[in-house]
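The values are calculated or read from the model by the stated rules, or taken from the named source; none is laboratory data. Just so it is clear, the structure is predicted and the values come from calculations on it, not from any experiment. Counting neighbours? That spans all protein chains shown, and the Cβs are built from the backbone with ideal geometry, glycine included. The protein model used for the area step is the full one, side chains on, heavy atoms only, and it has no ligands, DNA or RNA in it. Shrake-Rupley method; radii C 1.70, N 1.55, O 1.52, S 1.80 Å.
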Amino acid sequence: MSTLLSVDPVSRIEGHMSVETAVEGGRVSKVRIAGNMYRGMERLLFNRHPVDSARIAQRICGVCHEVHGISSVMALEQIFKVTPPANGQVLRDMILGLHIVTDHLLHFYNLCSPDYIDYAAAAGYSGRDANLKNISDWISSSGTMFVINKTPGDYIRDKEVARRFALHYFEALKIRAEAASGLALIGGKVPFIHALLPGGITTEITTDTLMRYYHVLTKTADFVNNSFIPDVMVLAERYPEYFRIGEAYNTFYAHTSLKSKKGWLFNSGVIVDGQKQPFDYKKVKELLNSSFYNPDGSPNESAKGAYSWIKAPRYNGFPLETGPLARMAVNNDQGFRQFLARFGQSSIRSSVMGRLLARAYESRLLCNYLFERSEEFVIGKSTINHVDLQANVTGEGIGFSLAARGALVHHIKAYNGKVTDYRMIVPSTWNFGPTAGGKHGVAEKSILGTPVRFGGESGSIEVGRVIRSYDPCTACSVH
């Protein structure tokens, strides 16, 4: 006899998602993941001037805003037939890279770590550290859901570990806020940067601007190296079984992204059946079998057989996992392989812990890249090649970029100054798409077979760990 566990909504993610599972013999035997909202951002852009997308597309999400603006502008540049000057490319990378690192920090500490750390254990501190004392007092007196009524589970309850994580939980918020100021220096404002346009960046950059950005980047990198990576390693050592939990299809997908004088930081490709192959956009198709849409893409909440507002992308029929782990797999990153080997892992495979480690390792990789990339900026040279932003352009453009959660595509078609079609294929659509074409979505597949030792009205902590390992952004995936 199976036990049904349902969580609606799933907490500590971006957007509205529910998950239903059936548990038999202590393992998940059935699963359905649903995006529970329709946003219609693509259709909102129809008949608008294409340049509007540089602003509106950033509103798809309150977390990963800049990434959508950059992908959209990359598509617009193909329509306007313009390429940013070298300085404009450098600034764009400085925005994108730093944003992704801070996104990783937000995910690990503020969304993911409560799945593993019993923060109530940080209470009762009587030492001399003022920050720890304040946190301890707040935990003891606030009565917040942060520390009470937790889903049953095998949490880390060691006081020293809990206090270390509690300090870093709040420090990560400060780092993210300071990094946002660095992004605003270049982008004009944060969130939803305004200096980003087809052809480059409009901000006037001075030596002082670069020094302030460098200061923010240094603080971020120090936190990544001295807190983020060691903390993820604590979880990897404490929960080695999660290298075997959360495995999807081991099919991966990434885009070529972030280029310096040394070459590309990330390469493009797809891994299917253990073999890497070039990415071919023509092989991508979004299936609608289980989604609330009509064949033309218009919403239909009564669509037969539908249970999710997320579409189901397939690559030549295969569901593909995307994200930091996918980027490591596609690049066959030797440094990451050595990192995994410290925990007895001989290959890059889909798993909960693999995703967490990849996110931390990638943060260090990005910080190192940004130090080098920012030095390529030349004071006094142009940051933008201007175009007529009101021109009645006709054309088609595809922006292949990346987000913290994986590969990102913005595809724009325009005629006589009006958008005739706008298509976004975002990371969480790949990872959290429903069952279609006879295959479970990526996250659904990774939940099947998950061992469930703890379960109740609030669901299974094990299933929650699998879901959050992808850093889901349902707001983006129900665009």
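At a temperature of 20 °C and a viscosity of 1.002 mPa s, determine how fast region 358-459 diffuses translationally according to Stokes-Einstein, using the Kirkwood radius over alpha-carbon pairs as Rh; express D in µm²/s, rounded to the nearest whole number.
115 µm²/s
Once the Cβ-Cβ distance between H386 and A341 is put in as r, and R0 is 51 Å, what FRET efficiency do you end up with, to the nearest 0.05?
Numbers: r = 50 Å, r/R0 = 0.98.
Efficiency, from the Cβ-Cβ distance: 0.55.
On the first, second and third principal axes, largest extent first, how far apart are the outermost C-alpha atoms of region 177-287 in Å?
For region 177-287, the Cα extents along the three principal axes come out at 49, 43, 32 Å.
When the C-alpha atoms of region 425-479 are aligned to their principal axes, what extent does each axis show, in angstrom, from largest down?
So the three principal-axis extents are 35, 25, 17 Å.
Can you list the chymotrypsin sites (Phe, Trp or Tyr not before Pro) in region 86-162 that are in a DSSP coil and have 16 or fewer other beta carbons within 10 angstrom? Kindly include the intermediate steps, with their values, before the conclusion.
Numbers: sites: F108, Y109, Y116, Y119, Y125, W138, F146, Y155; in loops: Y116, Y125, F146, Y155.
Of the chymotrypsin sites (Phe, Trp or Tyr not before Pro), the ones in loops of region 86-162 whose Cβ has at most 16 other Cβ atoms within 10 Å are F146.
Extent of region 165-211 along each principal axis, from alpha carbon coordinates, in Å, largest to smallest?
Sorted largest first, the three principal extents are 43, 23, 12 Å.
Restricting to DSSP loop positions (anything but H, G, I, E, B) with no more than 13 other Cβ atoms inside 10 Å of their own Cβ, which GluC sites (Glu not before Pro) remain in region 165-237? Provide the component values of the computation, followed by the final result.
On the way: sites: E171, E178, E204, E237; in loops: E204.
Sparse-neighbourhood loop GluC sites (Glu not before Pro): E204.
Quote the charge dipole size of region 80-198 about the Cα centre in Debye, to the nearest 20; the model charges only the Cβ of Lys and Arg (+1) and of Asp and Glu (-1).
280 debye
Near the amide H of V270, under 5 Å away, which other amide H atoms are found, from residues 5 or more places off or on another chain, if H is placed in the peptide plane?
Q277, F279
How long are the semi-axes of the equivalent ellipsoid of the chain, taking √(5λ) for every eigenvalue λ of the Cα gyration tensor, in whole Å from largest down?
34, 29, 20
Given labels modelled 7 Å from the Cα in the Cβ direction, how far is it in nm from A130 to K81?
Label-label distance for A130 and K81, simple model: 6.2 nm.
Return P(r) of region 255-374 (all Cα-Cα pairs; 10 Å bins starting at 0; whole %; ordered from short to long distances).
Per 10 Å bin, starting at zero, the Cα-Cα P(r) for region 255-374 comes out as 12, 33, 28, 20, 8, 0 percent.
Whole-Hz ³J(HN,Hα) for each residue in region 14-26, computed from phi via Karplus 6.51 cos²θ - 1.76 cosθ + 1.60 with θ = phi - 60°, x for glycine and proline: what do you get?
Each residue's phi maps through the Karplus curve to give 8, x, 10, 9, 10, 9, 10, 9, 10, 10, 10, x, x Hz.
Got a sec? Charge dipole of the chain, +1 on Cβ for Lys and Arg, -1 for Asp and Glu; which of Y470, L106, Y116 is way out at the positive end?
Of the candidates, Y470 comes out farthest on the positive side.
Rounded to the nearest 500 deg cm²/dmol, what is the calculated helix-only ellipticity per residue at 222 nm for the chain, with -39500 (n - 2.57) per DSSP H run of length n ≥ 4? Let's see the in-between values first.
Details: 15 runs with 177 residues, N = 479.
Rounded to the nearest 500, it is -11500 deg cm²/dmol.
Test of understanding: what is the full-extension gain from N110 to K285, defined as 0.36 nm times their sequence separation minus their Cα-Cα distance?
Result for the pair: 59.6 nm of gain on full extension.
Positive end of the charge dipole of the chain (Lys, Arg +1 and Asp, Glu -1 on Cβ, about the Cα centre): tell me which of L235, L173, S347 has its Cα farthest that way.
So the residue furthest toward the plus end is S347.
If each of T206 and N332 carries a label point 7 Å out from its Cα toward its Cβ, how far apart are those two points in nm?
4.9 nm
Using θ = phi - 60° and the Karplus relation 6.51 cos²θ - 1.76 cosθ + 1.60, list the HN-Hα couplings for region 186-200 in order, rounded to whole Hz, with x at every Gly or Pro.
8, x, x, 6, 9, x, 6, 5, 9, 7, 7, 9, x, x, x
Which value, in Å³ per residue, describes the convex hull spanned by the Cα atoms of region 54-137?
Hull volume over Cα atoms, normalised by residue count, gives 136 Å³.
Leaving ligands, DNA and RNA out of it, report the carbon-plus-sulfur percent of the accessible area of the chain at a 1.4 Å probe.
C and S fraction of accessible area: 49 percent.
Per residue, how big is the convex hull around the C-alpha atoms of region 315-372? Give it to me in cubic angstrom, could you? If you can, show how the numbers build up before the last one.
Values: hull volume 5.5 nm³, N = 58.
Convex hull volume per residue, Cα atoms: 94 Å³.
Given R₀ = 51 Å, FRET efficiency for H16-I379 by Cβ-Cβ distance, to 0.05?
Efficiency for this residue pair is about 0.65.
Which length gain, in nm to one decimal place, applies between N368 and S181 when the Cα-Cα distance is subtracted from 0.36 nm times their residue separation?
Separation in residues times 0.36 nm, less the Cα-Cα distance, equals 65.4 nm.
What's the magnitude of the charge dipole for region 54-145 around its Cα centre, counting Lys and Arg as +1 and Asp and Glu as -1 at the beta-carbon? Answer in Debye, nearest 20.
With only Lys, Arg, Asp and Glu charged at Cβ, the dipole is about 340 debye.
Please give the net charge around I245, taking every other residue with its beta carbon less than 12 angstrom from that of I245, where Lys and Arg add +1 and Asp and Glu add -1. Mind showing how you got there, number by number?
On the way: positive: R27, R244, R349, R355, R453, R465; negative: E241, E247, E462.
Here the charged neighbours net out to +3.
Between K259 and R244, what length in nm is gained on full extension when 0.36 nm per residue of separation is reduced by their alpha carbon distance?
In short, 2.0 nm is gained.
Using a 1.4 angstrom probe, figure out how much accessible area region 33-109 has per residue, in square angstrom, rounded to the nearest whole.
On a per-residue basis, 25 Å².
Extending each Cα 7 Å along its Cβ direction at K219 and S6, get the distance between those two points in nm, one decimal.
Result: 4.6 nm between the two label points.
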